[in-house]
Each structure stands twice: as C-alpha cells, then as structure tokens.
Amino acid sequence: MTDATNTQGETIATSTQRDLGLKKRYSKERRFQALGITAIILGVLFLVMLFLSIVTKGYSAFQQTKIHLDLYLNAELIDPSGNRDISTIQMPIRYNKVLERAVSKAVGLDPNDKATRKQQRVAKSLLSKGASVDLRDLVVENPDLIGTRIDYWALADGDIDSFVKGQIPRDIPETQRLVKDAQIAYIDQLVEDGAMEKQFNTNLFVNGPSSRPESAGIAVAVMGSIFMMLIVLVLALPIGVAASIYLEEFAPKNRWTDLIEVNINNLAAVPSIVFGLLGLAVFINFAGLPRSASLVGGLVLTLMTLPTIIIATRSALKAVPPSIREAALGVGASKTQAIFHHVLPLATPGILTGTIIGLAQALGETAPLLMIGMVAFIKDFPTTPLDPATALPVQIYMWSGEAQRAFTERTSAAILILLAFLALMNISAVLLRRRFERRW
Amino acid sequence: MQDTNPNLKQDSDIRSNPIKMSGEKVTVHYGAKQALFDVDLKIEENQVTSLIGPSGCGKSTFLRCLNRMNDTIDICRVGGKIMLDSTDIYNADVDVVELRARVGMVFQKANPFPKSIFENVAYGPRIHGLCRTKAEMDEVVVTSLQKAGLFEEIKDRLDEPGTGLSGGQQQRLCIARAIAVSPEVILMDEPCSALDPIATAKVEELIDELRENYTIVIVTHSMQQAARVSQRTAFFHMGNLVEEGPTDHIFTNPKDKRTQDYITGRFG
Amino acid sequence: MSPLWLLVAIIVFALVGAVLGRNRAVSCVNGNIATLHSRPGYYGSYVLIWTALPAIFYMVAILVAQPFYNSSVIDTELRTGYTQSCDLSLARIEGDADAETPAICEDKEQYETLDTRRALMRSVVESVAIGVSLLDEDTAAKLHNGLVAVRPTLKSVGVALAEDVPGAVVDAANRLNEVNATGNMVLIAGVVLLVILGFVLSYLRVKPRLRARNLVESNIKVALVLASSIAILTTVGIVLSMLFEAIHFFSQVHPFNFFFGTEWDPRFTSAGREGGGEGSFGLIPLLWGTLYISFVALLVAVPIGMFAAIYMAEYANNSVRAIAKPLLEILAGIPTIVYGFFALVTVGPFLHDAGAAIGLNISATSVLTAGFVMGIMLIPFISSLSDDIITAVPQSLRDGSLGLGATKSETIKKVILPAALPGIVGSVLLAASRAIGETMIVVMAAGIAANLTANPFEAVTTVTVKIVSQLTGDLEFNSPQTLVAFALGITLFVITLGLNIFALHIVRKYREQYD
C-alpha cells in the first residue's frame, strides 16, 4: 500500500497522494474563521458606537452656561415693606426686575433708558426663566443680602446654553434658528467680556425635574431609585436566600419543589412589563397602596429580582462541597446549624455577587415602573417610601421625550450617570467574586 | 479469549518489516510540565505495536503525537522528530488534515457522532471528498462496516443513530469510521477499556484482522491484551520509553528491572 | 400610633423578652449551661418568636381587613344618606309636575349603578375624613350639623376637594373616622394582649429540658418554606390578577373581536359604556408588529451571536476570549432604556438619512430601527448561551472528527453544531421570548400606529407599546381602554411563558444528554 520514495521536501506521501481538496477546504476554513472574527468585531463595534453616541451627546451637559451679573439687591424691589416678611420676599417675581436691570447693565445698556426697551428685552431673554427662582432661594436663605451688591452667576437660558456649546450652528438662516442675531451679538459681547462662561452644572445633580432644561436635574429621581434599591435589598436578599436554602438544602425531591424550580426559572424570563401589570393590579388596585410610591416600585422590582438572587444563591450553595456539611453534622450540629454556621458563610461571596447583579438589573429597569404611575413630574424629594417618586431610568425616559436640544444633552448625561452606577455595581461584583472566589 | 494464534508472534530482534513511523527524541511539554523525555520508537508496517505502562506514563501522549492530536491542546508543545515514511510530520509544510487522513485514530471512549450509523461512517469520506457518487459512498460504508465486523449485526439499521448501539458496537463503529478514510496507520487509545470481555474479544479479533492492511498502534492498560494482539510492545514509564521489542521478548525476557516489575505486577 | 411604630414596639418588647428568656434558662441551671438541652440563645429566640410572631400576624390581619371593612361601612352609609336626602328632596317637590329630578337623586342613581362613581366617592369620603380629623372640635361639630360649607372649611386644613360634597359624604366621613378609631383600638389592644400572652406563656415554658433548638429550627424551616413559595405566589398573582382584569375586559369586548380583530383603534368606544366599535380592539396588528420586530432582531442577533460564540469557544485563544467575552456581555448589562434612547436619537435618524440618500423612505421610528437595536441587545444572550452549549459538546466528538482529518470548521459545521442544535434552538427561543416581551426599545423606536404592514421601513406598534400607552395617562380604570392592557398582558405572558418553558425544557434535556 505504501512504498515511499524518499525524496526530502516532498509533502507527505507520494504513492498514496489523494486529492483531498485541501485548497478549497482551507479557504472555506478561513472564510469561516473570518465570519467569527467579523461577528465579534461587529458586536464590539455596536458597543463602541452606543457609548460614543451617548458620550458625545452627553458630556457637554456637565457644564452649564452662566452669566456674570453685578447684582444690586434693591430693597425697594424685593422687600418694599422692609420687615423681611418671608411671604413677601419668597415671591420669585420680585427678583425678575433685579435681574433684568443687572443683565441690561452687563450688556452695556442703561436700564432706565426707555428708548432701549427692545434691546433690554433681548438682553433679558438671555437669562433662564429659572434664574429668579435661584436668586430667590439665595436671598430667602440669607435675608441680610437685601440692599447689598453681590457678584452673581445667573443661569443662561437653555437655548442660549446650547448655542454657546456650539450645538446650534450660527450659519443656519435666522428664521430657522432658535437663537436670533440680536441675541448672538450680546452673547459674543458677554463672552468676550468674560461675563458669560461655562461652569460645572451642579443643577444636574441637586435639582429635581423642571420644564426648563437649564435647571433640570436628576436628584429627585435618584432619591426614588435609592428608596427602591433599599426596599429591594431589604426584601429580596433575605427572601431569596431563605428560599434558596430551602430548595437547595431541605426540600425533598417531589412535584411541589419541581414546580417551584420550573417557576423560578420561568419568572426570570417573564417580561418585566408583566411585573408592572402585576404591581398595578395587586399592589395598587387591590391592596390600595398609593400610585407612584417608591414602595410599590420597590415591591415590583423585588419580585423581579428574586429569581436572579435565588438562582445565584443556589449555585453558590451548590458550590460548597458536601464534605463541609458532613463535617459539621459529624460533630453533632443540627442541619440548620450546619447550614447557618458553615455553608452560608462560605456561600456569602457568591450570594452577594448575585445580589449586586440583581440590584443592577433592577436599577436599570423602566417598563414596570411606567405601569405603576412613576412616570410623573415629581418636583419634591420623596421623604418616605409612600411619597410619590420617580426613578432615574424613568426620568431618562421622560426627558428623552422632550424636544429641546438641551434636554437631549441632559438625557445623555443622565444615562452616563446611570451607566456609571451600573458599572460601579458590576465591577464591585466582579471584584468580590475575584477576591473571595474559592475553588474546592 | 485466548483464541489469537500465538504462533504469529515469532519476530526476532531483526526487523522483518519496513518502518512506517518513527519517533526521534520526541519530547512533550504541557505548559511547564514535561510529559515525554526523548522517546525514540520505530513502528513497523502492518504490525500491531502496543504501548504499555502505568497510568500517566506518557503512552497516550506519544500516541496522540503520531497524528498531531496534541495540536488541539493549547498548552501542549512537541519537540523532536516524528517521521511518517520519509516526512517529519511536525514540519511546517505538513498539512495536519492530510496527515490525519493517513493516520486515523480510535479513542478510549467510543465517540460516535449523534447521527445515523451510515452518516457516521460516511463522514470521513464526505469531508475529504473521497467518493464521487452515492453508489461509491454506499460501497465504502458497507466495506468499512464489513471490515469492522459490524455490518452483519446492523445492516438493517443503518439509518438509526450511532449512539443507540451497544458499547462494543459503538467502538467498532468508530473503527469503521476510521477505516472509511483508508488510512495507512490506525492509532487506538485504549479502545477496549470501556468494554465488557465479550465485546473486547471481538475488537481484539478485529485488530488482528486489520493488521493485514493497516499499521496499528494501540495503547493499552492490559498486559494480556498487549500480549494477545500485538507483535511489538513498547513499555513507557514516567515519560520515558524504557524498553521496546517483540512482544514475546518483552513479556518473557524483559531487559529492564522496571519492565519486569510492571509485568509481574509490582506496580501499575 | 402608626403601624410602623407599633411594629417597632413589638420587636423591642420581643427583644427584651428574648434576653429575659435566655437569662431564665441560664439561671435555671445556675450558670452551668452544659446541662441545658440547647444553647441559651435558643431559649431567647424561642421567647422572641412567641412574643413577636402572633402579635405581628394579628396586626397584619387587622391591617389587611380594615380597608375592606371600611369600604363596606362607607358604602352602607352613603347609600342610606343618598336615599334619605333624595326622598327628602322628592317630598319637597311633590305635586310640582314641572320640577326636574333633584340633583341629589341623580347622584344617587349614578352612585348605585356605576362602579367608577362608587370608587370615586370612596376616595372623596376618605379625604373628607382626613380633613375632618384635622379640624378642631368646634368646627367639626358645625360641619356635622351642616352649619359651615364643607369645601372651604376643609381647604383651611389643607384638604382640597374637586367639588362641594353632599351632607351624606360628611356623615360617611364621620362614621369612617369612628370606625377607624375603633379599629385602632382593637388593633392596639389585641397586639398588647398577644405580646403579653405570648411572652408569659413562652417564658414560663423555658426549662432546661425544653427542646428550644428544635422548636426554633422548625420555625426557621417554616419561614424558609414560606419564602420559597413566594415564587409560586408571584406566578399565581400574575395569572390571577391579569385573568381577573382580562375577564372584566372580555365582558365588554368579545374575545373574538380581540383575538382576531385586524383593527386597533380603542378610541371608538367611550368610557364605561357597553361594548365597543366592532374590531377596534384587534390584537392582530399588534401581534404582527411584535413578531416582525422580534424577527428582525433575531436576524441581527442570531448570526452575530452565533458566530461570535463559535469563534470564542473554538478558535479564540485565552487572551482574546478574556477581552471579547466581557465586552460583549456589557451589552447585556446596559438597561433597555439606554438602547431605546440610542435608537431614538442615533439609529433612527441615521437610518432615515441613509435611506434618503439611496432614495428610500425610512421613517425614523420603524421596524428596522427597533429590530436592529433590539438585535444588538440580544447578541450577548445568544452568544453566551450558545457559548455554554457549544462548550458542553464533549471533547470526544471533536477528537473523533479531527482524528479523521476534518478541518476545524468542518468539525464545527458537521459535528458540533448538529450535536448542539437543540441547545442552540433553545437559546434562540429564549432570545425570541425576550424580544417579544421587550418594552422600552419599542416604546421609543417602533412607533405607536397599529400598522399591518410588511414594509420594514414603516412604523408598527407592538403589544408592549400598547400596554404602556393604555396605562399611562389619566384613563378611567374600568374602561375597556384600560382593561385591554391586561388582556394584552396575559396574551404576552402566555406567549413568553410557552416559549420559555419549551426552550428551558430543550436546554435542560440537552444538558442532561452530555452530563
């Protein structure tokens, strides 16, 4: 069958050389591999595009254009009665005049000159309509300021802000442009004087929602999210761990536990919006809990997170070798003692990792919260879980529906903040796993 | 069980057959751990060579070097030369697909594909494009199954899944699958370790018949099996080739103390 | 005392009881704790459980029952109130043939026939009751006797009412306050009784021979069983609540019109009225949109996910795997709202412009946009599940094929993938179920018009979008417009549940095959 003629350098055999179609097969092989690489590159590319799109749209929202004003807090305008009565000085309208005069001066107009009223109105339009509220808050806190002269950075209007950030181009025709030529002239003048500049946007972090993008913030929504995460943690962790311990350590193998098992796996894959419907029907309509309350949101998210925690906890418990249980039982511990004293502590890193991942999922969840009325304009910080609240992803959803350019930017920024939270949670889960992972 | 003809094993130290494959100073590393140390072994054509030795001695590792199955393990590095006829199979220009079409392999655990019996056997010829027509393919499948001594038992069930056969039948199916490619050398990695004695006997009988057309290298745990089926035996110990020679010499008159200890059952 | 403080009080008392119980156990044996049956802590826990649990259960029971009792009280009170006032007004106009029906009698009529009206009045009574409880005694008495107007009086204590209310409501509110006060009394008295009883009885039972550990442990076990049945309860809750509301819906809209209707336009019917315009609650266009978008999504995700999984499982070396795998998995961790926003502001406009450049009219919200972005979201589901499944194919099959001289891709295509097929089908089905149930992406990127179109460049809508749009905004709860959301919800639940059970079954069977 073989009779090799021994010339060096030949490919393997000579007499048995068969046509195996190698060339074609190898080019197929290469094509196949190329497909695999392409798939991975595409996947990563989509990820990069997603991040790039959000970062490029959102990073500018961390800055906000402000206008420097030399502000005289005229006591006659703010507090004509002179007795610092809170109900008088807390009316924002009283501060409008103060700001108007100051901004006119800033662009070089005489506030008392009636002839320049039109220009003065243009100058005033540079300011945010929320500027008077901000100034009011400042004065109400320090009534002594009345009658003094202060350096003040006032919020610029949202569209002006977008223009300064270059998001509204100069070269489109004025009729289609949100910022008019007259305003641009003043903007250029103020920027040149150093009286208009971009500063860190604290409003984004400390304010609640607002119809004016320049004063809108995520703080109220974050508060709601924090409430819900606490509720989820307090409820889902103990219930999930208890359920897993029962299923993994005590449950007899029978139909009932099979049913629970199938159930949990399926619950993990039930669409989140169905949990929202459950919350609406059971917690709000049946149990009569208030709509929009973070308690209801927390309960719904708890039910959603439970399967994740149970699945993670069970695999953590499974990973603890039976020898540990036997060792404890061997020295006379009861089964419960063996589990609570030995197995559970060893499974803790796995349980915590699963919990953090479950919480991260819950934090990003939007759809079920829409069902229970959390999509609402809520300006006040919730102080109890029964107060109306909203959540960070819901806030993102609401902002994404706003048309203004400045809101798109803030939506992206809010997404960046949400993603930062999620990254933090996931990274800590990974670190936790790395640090405490034990191989048996 | 003892039905193989002992008269077959008459080879003396003088080699009566041409050399089909040979290893020269073969070393294998798994990561930092060295598994084979400078193994020199010649494999004669149309003979059954068995590799024996205690677990972890490197016999399977050596076997897997012969058709470069070790390539599939990322951390494995092979050094030295392994010649098939006149070519070093570890040369850069040697094609591993072509090599494996010439040096087939049967594994420890029968591993039929989850397909029909027919498809299992037809797989090799099909990927290599060895058969032009359906009729040709049918013929190859039938002859291979016949050579593997399986055809009579299963001729009515060619469409049934190969995984449904008994253990011994599965292993013979795997042998048929290897034969279908018409290799020159067949490597067998403990082919009977998962089989019962009757199935083992059948496979051993088959190996003896296959010797006529193929060069066979078999790794085995069982010294009786080595004695029954092989003409030449190589004893491995701790990654070294300790001794090699005609099977009856190794079993009756081992030169090395370690071989002797192993054969007499001191360790292993 | 609010329930929360009551709970805190119970727990504090129980903790004190636990310390006492533990000390009693220790002093019983003069400090020689080895002679106790259980460790002293268990005696403490035993007392704790018996002190706290009965009281807490009682408290929960009362708190759950109270609202039901309250609403029945309000109902009786309002009915009698309305009847009396109505009779009175009727008597006043008796004989006057021209007189219109008094307003109060219309109210009565409405109250007795409309569920929504009853629900509204109940909440009015509740807020009036809160208002009344805030008034000082004098004003409250005046209000009771009808000497002052209700609305301004209540506004002075911060309770705003939409309209002035009849005297019957004030009476009901007063009655409600009485009932609440009684309820509170019953609650507190019962709790105190149970706490003391539980403590005394369990404290007295603390003896060295008491098998405290076993008793405590059996309680723990009961708690564990209860916790694990929450999963079942959730499913039961989902099914029952949605079924209940859906049946309510089907009593107003015929199931045939829902399941086979091809037109979706819920506006044709008006709140609280009988039936609806034929076919205006048709499920078909929504289902079509859902399936179409899911199909496009799978068209994107399956090839990319599969090839990525194959490459990572079979070709990639460790360092490539260590980078690519987590990167792809990041895609799974991104909230869907972010994908929705990405579709809305980036992909939609991009596809629109790209379409315009080659003369296609792609609307910004379209099947393509939503499907494409959803496909990106699904890539990691497909890739990580397939990766698991491909790696689960035993090495021996690979060896068998490679040993015959097959190339890697031949081995993958002809041996590994066929062997892994059931598992892969399972993972694709799981991804499909996720696509069908996905909400935020389609809410933001698919559109709201119920179109029965095959054109991927047009907007369609989905089941989930309609659930959201029917339930956000101020709709009356008992109208078919709102209830249809539950019919849609249960349809969605049944579809995804079916897919999940089937897929998980396949995957499990597949795993067992190679275990």
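Rounded to whole numbers, the Karplus 3J(HN,Hα) couplings from phi for the range A:410-424 are 6, 4, 4, 5, 4, 4, 4, 5, 4, 5, 5, 4, 5, 4, 4 Hz, using 6.51 cos²θ - 1.76 cosθ + 1.60 with θ = phi - 60°, and x at Gly and Pro. Given A:28/B:109; B:59/C:509; B:81/B:109; A:335/C:207; A:57/A:105; A:23/B:20, which pairs have Cα atoms separated by over 25 Å? Beyond 25 Å between Cα atoms: A:28/B:109; B:59/C:509; B:81/B:109; A:57/A:105; A:23/B:20.
Counting every other Cβ atom within 10 Å of each residue's Cβ, C:462, B:247, B:133, B:264 order from fewest to most as B:133, B:264, B:247, C:462. Taking every Cα-Cα distance in chain B and sorting them into 10 Å bins starting at zero, the pair-distance distribution P(r) comes out as 7, 30, 35, 22, 6, 0 percent.
What the Cα convex hull of the range C:134-214 gives, in volume per residue, is 154 Å³. Site pair residue C:112 and residue C:92 shows an inter-label distance of 2.0 nm when each label is modelled 7 Å from Cα along Cα→Cβ. The relative contact order of the range C:286-511 comes to 29 percent, based on Cα pairs under 8 Å that sit 6 or more residues apart. Cβ-to-Cβ counts within 10 Å put A:200, C:457, B:235 in ascending order as A:200, C:457, B:235, the fewest first. Taking Cα atoms only, the orientation of helix C:3-28 departs from the longest principal axis of chain C by about 80 degrees. The overall shape of the range C:3-234 is prolate: from the C-alpha gyration tensor, with semi-axes ordered a ≥ b ≥ c, the ratio a/c is 1.5 or greater and a/b exceeds b/c. Shown for the range A:68-184 is the translational diffusion coefficient from the Stokes-Einstein equation, using the Kirkwood radius over Cα pairs, a temperature of 37 °C and a viscosity of 0.692 mPa s: 215 µm²/s.
Which order do peptides B:82-92, C:29-39 fall in by mean Cβ count within 10 Å, highest first?
Order by mean packing, descending: B:82-92, C:29-39.
A convex hull fitted around the alpha carbon atoms of the protein assembly as shown yields 284 Å³ per residue. Neighbours of residue A:54, meaning other residues whose beta-carbon lies under 15 angstrom from its beta-carbon, give a summed charge of +1 when Lys and Arg score +1 and Asp and Glu score -1. Could you work out the relative contact order of chain C? I mean the mean sequence separation of Cα pairs under 8 Å and 6+ apart, divided by the number of residues, in percent. After rounding, I find 15 percent.
Relative contact order for chain B: 28 percent, from Cα pairs under 8 Å spaced at least 6 residues apart, divided by residue count. If you take all other residues with their beta carbon under 9 Å from the beta carbon of residue B:129, and give Lys and Arg +1 and Asp and Glu -1, the sum is +3.
Projected onto their three principal axes, the Cα atoms of the range B:199-268 cover extents of 34, 23, 22 Å, largest first.
Could you give the semi-axes, largest first, of the ellipsoid that matches the range A:182-338, computed as the square roots of 5 times the alpha carbon gyration tensor eigenvalues and rounded to whole Å?
Values: eigenvalues 529, 93, 34 Å².
Semi-axes from the Cα gyration tensor: 51, 22, 13 Å.
Rounded to the nearest 10 degrees, the angle from helix B:117-128 to the longest Cα principal axis of chain B is 70 degrees. Each of C:288, A:256 was scored by other Cβ atoms within 10 Å of its Cβ. Listed from fewest to most, they are A:256, C:288. The aspartates and glutamates within cross-link reach of residue A:114, meaning a Cα-to-Cα straight distance under 14 Å and a gap of 8 or more places when in the same chain, are A:100.
Which entries of C:221/C:325; B:147/C:414; B:134/C:414 have Cα-Cα distances beyond 30 Å here?
C:221/C:325
Only lysines eight or more places from residue C:142 in sequence, or on another chain, were considered; those with a Cα closer than 23 Å are C:155. Quantify how much of the Cα-Cα distance distribution of the range C:286-511 extends past 21 Å, in percent. The answer is 61 percent, as a whole percent.
Laboratory data are not the source of any read-out in this text; all were calculated from the coordinates shown. These figures come from a predicted structure and were not determined experimentally. Neighbour counts are summed over all protein chains in view; Cβ atoms, including those assigned to glycine, are modelled from backbone coordinates with ideal geometry.
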